[in-house]
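Notes follow once the structure below has been shown.
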Amino acid sequence: MAQIFISAGHGGIENGVRDTGARIAGTTEAQEMISLRDLVVPELRSRGYDVLSVPDDLSLAKSIDWINARTRAGAIAIEIHAEEFSNQSTRGATVYHIANNRDRRDQAELILLSLLKEVPELPSRGVRADTSAGTGRLAFCRQTVPPALVAEIAYLTNAQDFALLTQRRRNFAIGLANGLAAWSKAVTGSSPTPPAATPNSEPTYPPINIEINGGAYPEKGVIISGNAYIPIDLADRLSVDLTQDNAVRRVRYRGVVYVKAVDLKPFSISVGWEAKTRTLLLRPASALNICPGTIDLIMSHGSTTELHLKIFLRSENENALTQFADIAKTYREEATIEGVDYDIAFCQMCVETDFLRFPGLVRPSQNNFAGLADGAGNLASFNSVAIGVRAHIQHLKAYASTEPLARPKVDPRFDFVKRGVAPLVGQLSNLWAADPQYGQKILARVEELYKAAGLL
């Protein structure tokens, strides 16, 4: 039987600590690659391949030893990774092979082309010799007994790549499975016979957690063909009537009827996914009604993720994160500390700076993201992005609340503001700015952000 080894990059213990690989948007490279591998393995097994999944807690050296101890003639091996890079516009996939080996280069091209066929939106960065890697050589390519490749399937630091990976993970898995099957056939000269279905047999679907409006739901959902499914009883709890909608796919599994979660979107249910905890996030539209005291309340908490903010910013200015790469993270952190809604603060920054284009008198080097004055009639300058964001948050808090600051004061005009006169965004009009529509302009951006994030 054809033998295929698949290793999810990182995740093991290296030098006494857990190696997570790249960290981005509340997840890690190790977590994302494990999730992808867990789709590739059953796909290949369903085709009759003997697939061995390398244990996740092994170091790179021990992973190689583990493979070498179990390999048979005709085996192949691949390790899957995702990239990170300081330039967040960098994206695409590549496959590394041992240098000066034409056969391995051809096999790398086979894997890459199969992946891109299933995910054509993913740019190709070509196949590369392992000597071009940052380390100068790749142990997985060189020390593994069976022919081995290292696939870098996307850049987690690129919003488009990250969205593709998390939203179309099944397509990535099928592409890799197709490439591995073709590679295995080229090595062994044959393809295995898929196992015959056993009468009355039932597949096993991986369970997932469910949250409704931030609270845990006691019953589990399942993943079927890369899609999240929920018990149909939950639809009733969400006041979604599916009795007359035959287009919604129903699956009976272990005595429970499940429906596809995305099919609830036409019923004003927001559907999200938290990869780190494998949790489906459901939020009825009723929880997001735009009214004073909810979306309009400055002293509140944000609803989006760092990635949502980055994607929103780049949708209007693709170069926005070049100089201010961590601005989304900074707004979330600083606003949370002071109890300010970071979505509102971030959108106000977008209004004031025209999405970090700075068309007015303020220069980017001033780190002044809200048009703040310095108390002497000049536009303020701040030593860092963090201090500039902090000053903005503090000024918002001055208008919206009478509570004391949690951090030392850096807003030069904090003491000049009559505290608590504008708890709602709309009340900033004719106060923060002379524009009578100023508050409405900020709220319009907040609505756009929430719609882009799937929250409205």
Out of Thr294, Thr322, sole residue that is surrounded by fewer than 22 Cβ atoms within 10 Å (Cβ to Cβ), at pLDDT 85 or above and not assigned by TED's automatic domain parsing to the domain that holds Thr27: Thr322
If we keep just the residues of the stretch 425-447 that are touching a Leu at 6+ places or on another chain (Cβ under 9 Å) and surrounded by fewer than 19 Cβ atoms within 10 Å (Cβ to Cβ), which is modelled with the lowest pLDDT? Glu447
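For (1) over 16 Å from Asn367 (Cα atoms); (2) in contact with a strand residue (DSSP E or B) (Cβ under 9 Å, 6 or more places away or on another chain); (3) among the β-branched types (Val, Ile, Thr), each residue gets a yes or a no:
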| site | (1), (2), (3) |
| --- | --- |
| Ser384 | no, no, no |
| Val389 | no, no, yes |
| His395 | no, no, no |
| Ser401 | yes, no, no |
| Pro412 | no, yes, no |
| Lys418 | yes, no, no |
| Val425 | yes, yes, yes |
| Asn430 | yes, no, no |
| Tyr438 | yes, yes, no |
If you scan the stretch 3-37, which residues turn out to be of a type outside the set (Asp, Glu), in a loop (DSSP other than H, G, I, E, B) and at pLDDT below 80? Gly11, Gly12, Asn15, Gly16, Thr20, Ala25, Gly26
Out of Val410, Val446, Val417, Val425, sole residue that is over 34 Å from the mean Cα position of the chain (by Cα) and β-branched (Val, Ile, Thr): Val417
Residue that is modelled with the highest pLDDT, among those in the stretch 118-165 that are of a type in the set (S, T, N, Q) and surrounded by 22 or more Cβ atoms within 10 Å (Cβ to Cβ): Thr144
Candidate set from the stretch 41-54 (those that are out of contact with any strand residue (DSSP E or B) (no Cβ under 6 Å at 6 or more places or on another chain) and touching a residue at least 60 places away in the same chain (Cβ under 8 Å)); member that is surrounded by the fewest Cβ atoms within 10 Å (Cβ to Cβ): Ser46
What's the total number of residues in the stretch 381-411 that are over 23 Å from Gln427 (Cα atoms) and in contact with a Gly (Cβ under 9 Å, 6 or more places away or on another chain)? 4
From Gly371, Gly388, grab the single residue that is assigned by TED's automatic domain parsing to the domain that holds Lys418, at positive phi and either at pLDDT below 95 or buried (at least 16 other Cβ atoms within 10 Å of the Cβ) (or both). Gly371
What is the one condition in (1) among the β-branched types (Val, Ile, Thr); (2) crowded, with 17+ Cβ neighbours inside 10 Å; (3) over 28 Å from Asn87 (Cα atoms); (4) at pLDDT 90 or above that Ile311 does not satisfy? (3)
Residue count for the stretch 38-69, restricted to those that are closer than 21 Å to Ile224 by Cβ and in a helix (DSSP H, G or I): 9
Determine which member of the set Glu79, Glu118, Glu83 is of a type in the set (D, E, K, R) and farther than 21 Å from Gly21 by Cβ. Glu118
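The values are calculated or read from the model by the stated rules, or taken from the named source; none is laboratory data. Just so we're clear, the structure is a prediction, and the values are computed from it rather than from any experiment. Cβ: placed from backbone, ideal geometry, glycine included. Neighbour counts: every protein chain shown.
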